[in-house]
Structure formats: structure tokens, C-alpha cells
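Undergrad: One structure, as C-alpha cells, below. Some questions next.
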Amino acid sequence: MEQINQSIAQFLLHIGIDKENINWSLQILLIICIALLSYITTKLFRYIIIPAVQKITSRTKARWDDYLFNEKMMISFCRLIPPLVWYILLPLVFSKLPLLLEFLQKACEIYLVVCMLLLVSAFLNSLYEISNEHETLRNRPLKGIYQMIKLIAFGIGFIVIISIITDSNATSILAGLGASAAVLMLIFKDSLLGLVAGVQLSANDMLRPGDWITMPKYGADGDVIEVSLTTVKVRNFDKTITTIPPYVLVSDSFQNWRGMRDTGGRRIKRSINIDLNTIRFCTEEEKKRLVEKGWIKDNTETEELTNLSAFTSYLQEYLVHHPHTHKELMIMVRQLQPTSEGLPLEIYCFTDTTVWMEYENIQNGIFNHLLAVLPQFGLRAFQRPAGKDINDSVIPPLQR
């Protein structure tokens, strides 16, 4: 190192610089050379090595290397070059100024640690993008886990920076932080609970991005758009966003509609109240008419048949042959407990689609047909009398 300095000093004397200014001139020249070297090295890596690596990765069939050596990762690598060059070559300039040299080398070390943290962050982001491309990992709530790893990495980096500044061992700093573990747990309570909840949600496959969940306690009724370390974001059907802490989803109950979507059918479970006064036995003429229309089977002619049982049988066959009911799932028409508002007749079946608008159209079509065909069986839906109904029954015909 001394020989290099002497050679540069002789060159400066040769070009006419005074001996009195030779030290400062030598240091300035060395600083300029180091700066140029770090700049040139960074640019060479940026515009020669990075394009070469990306060209190689683009030719491979695998997709993971495209994410692992993407633009952000390569730029993070570039950031490591200047502090390394400066840290190695600074002793050439400030060998006679040990205090200043120590200060500048510490600054380079801190800068290097920060660049390493940025590289780790870019690497985890690339891993997250790779997992989103993988079929089995795409729907896993991994974002919170990656965020927790980032948090741990930045915590370790912070401890390393403190050890560099104080000239102490990082393990001794960690031992000192152990005494304040309770305070740290209180500060990072949400993050720690979110990490545990994220692992449970992922391990038990309780929640995935894209799932439709319902949690009335928190006003959530919509699709999960993000599962992070501290929040689960739900886009409700009214386009509002609800945020829920992940640990609440583990400790509390919520409804996940993913099973319905995976099955491919959405349930119709709706009833209509039949007026009890309209339920009676069918006459022979009514039986014959219903048989001719194909609404009931011919073998019912010899049986005591009520208009309600005939309607129930017709409705069961109608649902079985409906073009948009799911034939592999339950199809049932049943009577519920009679109430003061009539006899509830419930339709229980599944549509062959889970798309909301299509489901509503199918359900509306079924009940429109039900209400339209109900009088053909001599039945009437129960409806509480309105003001007009009372007036029509009280006012004499001549006064209307």
C-alpha cells in the first residue's frame, strides 16, 4: 500500500505539484479514482452482466429464474458494489488518519447492511411472485409469512447496525434485548398474533385470496383480496373494503362460501305460505284434468288425493327436470310447521351455477312459475289483508 502511495506521489511531483500539497492532492486523486472505479464497476454490472444473466434465464423453460433474476433483484445486487469498493479501498486514502478511516468504514458497513436488507426484501418479493404462479401455493395466504420474515430480517439488520456503531458483539445486544422481551411483545403484538394466525389459516386451509366470506360482526360480506401479516382485506359486494385482523378469523367464527363454489351449485332454500283454507281433496274431474296435463301420475286416481299433495308432486318433478337445477345434489319439496300465516311449502335444491346474477334469475324463474301454477291446483298463497282488501269487504257494491 505504501509503495502504491509513493508511486502516485512521484507521479504528482512529476507533473508539477508542490511537495507541500502532495498529501492533499494524493488523497483527492485517490478518492476520485475510487469513486470512478465504483461507478464504472456498477455500470458494467448494470449494463453488461445483468442483461447477460437475463438473456440466459429467458431461454430456460423454468419460470422461477425469471422472477429470481428480475430487474429489481439485479438492481439490489448493484447497490452492493459501491460500499464494497469503498470499504476495500478506503485504507489507501486514509491510512494515516485512523479515526477518520474507522468512521468511514463503519459508514460503509452500515450502508452495506441496508443494501443487504433491500436485497432480502426484493428476494422475498420475488418468492411471493413465484408462489403466486404455482398452482398449489397460489391460493395460500403466504403474504403474511413473507412479511414476518422481512420483519425478522430488518430486526436483525437493526441489531447489526447498532453493533457496528457501538463496536459491540451482536449476541450481547440480543442478550440485552431479552430483558425487554415483554415490551417488544407488546409492541409487536399484532404482528406476532398475525403470524400465528396466518400459519393456522394456511395450514388448515381456512382462507384463501378470492374466497367469499361472511362475517356480520365486522361487516364483512364479500371476496378476500389480500391476506397480510396484520390485516385481511375483504371487498364487500357494495364495493367497500373491510379490514379484519387475521387472529380474529382464527378465534372467532366466519362463513366461507368456497365449498359452494367448489361444488358448482348454489342452494335455493325458500318457502311460500299456502292458505290453509284452500287445502282440500281433489275431485275426480280435477284428477282427470291433472293426469291429462301430465302433472300427476295416473295411479293416483284410485287414491284420496289432496290438491296440496298433487301440487307438491308436480313441483318435485318440475325441479327434477328443470334445465338449471343441479341433478347430483339434493332436490326436495317439503312442508314445514304450519303457522298463523299458513303452511310453509319449502323448495330445497341447488342451481347448476354459482354466478350470483344467474342464480337469482333461476330462483326467480322457479318461484314465478310456482306462483303462476298455484291456482291450477285450487291453492292460494297466504297474504295478509291490506287496506284495500278490508275496504272491498266492508263497502257495499252500490257505494263503490
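The values are calculated or read from the model by the stated rules, or taken from the named source; none is laboratory data. If you're wondering where the values come from, they're calculated on a predicted model, not measured in any experiment. Ideal geometry is used to build each Cβ from the backbone, glycine not excepted, and the neighbour counts take in all protein chains shown. Calculation scope for accessible area: heavy atoms of the full protein, side chains included, ligands and nucleic acids excluded. Shrake-Rupley method; radii C 1.70, N 1.55, O 1.52, S 1.80 Å.
Undergrad: Can you list residues from other chains, or at least 5 along the same chain, whose modelled amide H is less than 5 Å from the amide H of Asn273?
TA: Leu345, Phe382
Undergrad: Taking K and R as +1 and D and E as -1, what net charge do the other residues with C-beta under 12 Å from the C-beta of His326 add up to? The partial results should precede the final answer.
TA: Numbers: positive: Arg266, Arg267, Lys327; negative: Glu328, Asp352.
So the environment of His326 carries a net charge of +1.
Undergrad: Highest mean first, what order results for 43-50, 82-89 on Cβ atoms within 10 Å? Provide the component values of the computation, followed by the final result.
TA: On the way: 43-50: 13.2, 82-89: 17.8.
Descending packing order for the listed peptides: 82-89, 43-50.
Undergrad: Still on this model: Give me the one-decimal nm value for the distance between modelled label points at Asp252 and Glu360, 7 Å along each residue's Cα-to-Cβ direction.
TA: Reported label-point gap for Asp252 and Glu360 is 2.7 nm.
Undergrad: Right, something else. Of all the accessible heavy-atom surface of the range 215-316, with the other protein chains kept in place and a 1.4 Å probe, what percent is carbon and sulfur?
TA: Within the range 215-316, the accessible surface is 47 percent carbon and sulfur.
Undergrad: Take the range 264-377, compute every pairwise Cα distance, and split them into 5 Å bins from 0; I just need the percent in each bin.
TA: Over the range 264-377, the share of Cα pairs per 5 Å bin runs 2, 11, 21, 21, 18, 14, 8, 3, 1 percent.
Undergrad: Classify the range 253-292: rounded, prolate or oblate, from the alpha-carbon gyration tensor (a ≥ b ≥ c, eigenvalue square roots; a/c under 1.5 rounded; otherwise prolate if a/b is larger than b/c)?
TA: oblate
Undergrad: What percent does the relative contact order of the range 264-377 come to when contacts are Cα pairs within less than 8 Å and at least six residues apart?
TA: Values: 142 pairs, mean separation 42.4, N = 114.
Worked out over the range 264-377, it gives 37 percent.
Undergrad: Here's another thing I want to ask about it. Can you tell which of Ala310, Ile331, Ile296 lies farthest toward the positive end of the dipole of the range 264-377, using +1 and -1 charges on the Cβ of basic and acidic side chains (Lys, Arg; Asp, Glu)?
TA: Of Ala310, Ile331, Ile296, it is Ile331.
Undergrad: Additional query: Output the pairs from Lys217/Lys269; Lys189/Lys217; Lys106/Lys143; Lys143/Lys217; Lys61/Lys143 with a Cα-Cα distance over 29 Å in this structure; if there are none, say none.
TA: Lys106/Lys143
Undergrad: Rank-order 225-238, 306-319 by packing density, defined as the average count of other C-beta atoms within 10 Å over each peptide's residues, highest first.
TA: The most tightly packed comes first, giving 306-319, 225-238.
Undergrad: A further question on this structure: Which lysines, on any chain, are close to Lys287 with Cα under 27 Å apart, when same-chain ones fewer than 8 places away are left out?
TA: In chain and number order, the partners are Lys297.
Undergrad: Using all alpha carbons of the range 206-260, what is the percent of pairwise distances in each 5 Å bin, ordered from the shortest bin to the longest?
TA: 4, 23, 37, 28, 8, 0
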